[in-house]
Amino acid sequence: MSRYEVRFSATNPDDVASGTAERLGEILATLPDVDRGQGARLDGPRRVSGAFGIEVEQAMAEAARDGSRLAKEALGMAGMPESKLVELVVRLVDDSG
């Protein structure tokens, strides 16, 4: 298994509701398949960012696919289902496989 860090930013069509970034951080900390949530923050009235770790069997392509899916899932659960990912950074942090 290889461990990757996933960082993302997303924009929302409307202003982000108060407390959404905190809720997103809590969701990332408890989301199944996420190795370790690293929190989230509000980057502007319509933009949030977050980070988490995941483990995958294959390589970076699998981490990018799973990372974007998990980010979108977390955004939807945090009340931003119409948000759009505008940045996704996937970085290998441990390759024990």
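Here are some notes:
- Of the candidates ARG69, ARG23, the single residue that is basic (Lys, Arg), assigned to a helix (DSSP H, G or I) and either closer than 15 Å to VAL93 by Cβ or in contact (Cβ under 8 Å) with a residue 40 or more places away in the chain (or both) is ARG23.
- Restricting attention to region 30-57 and to residues that are in contact (Cβ under 8 Å) with a residue 12 or more places away in the chain and not in a strand (DSSP E or B), the residue that is nearest to THR11 (Cα to Cα) turns out to be ARG46.
- Scanning region 8-42 for residues that are under 14 Å from LYS84 (Cα atoms), under 15 Å from the mean Cα position of the chain (by Cα) and not aromatic (Phe, Trp, Tyr) turns up SER9, ALA10, THR11, ASN12.
- Residue in region 75-96 that is in a loop (DSSP other than H, G, I, E, B), at pLDDT 95 or above and of a type in the set (A, V, I, L, M) present: yes
- Of everything in region 48-96 that is closer than 14 Å to TYR4 by Cβ and among the basic types (Lys, Arg), the residue that is surrounded by the fewest Cβ atoms within 10 Å (Cβ to Cβ) is ARG69.
The values are calculated or read from the model by the stated rules, or taken from the named source; none is laboratory data. Here the structure is a predicted model, which means the values were calculated and not measured. FYI the Cβ positions are ideal-geometry reconstructions off the backbone, even for glycines, and counts take in every protein chain you see.
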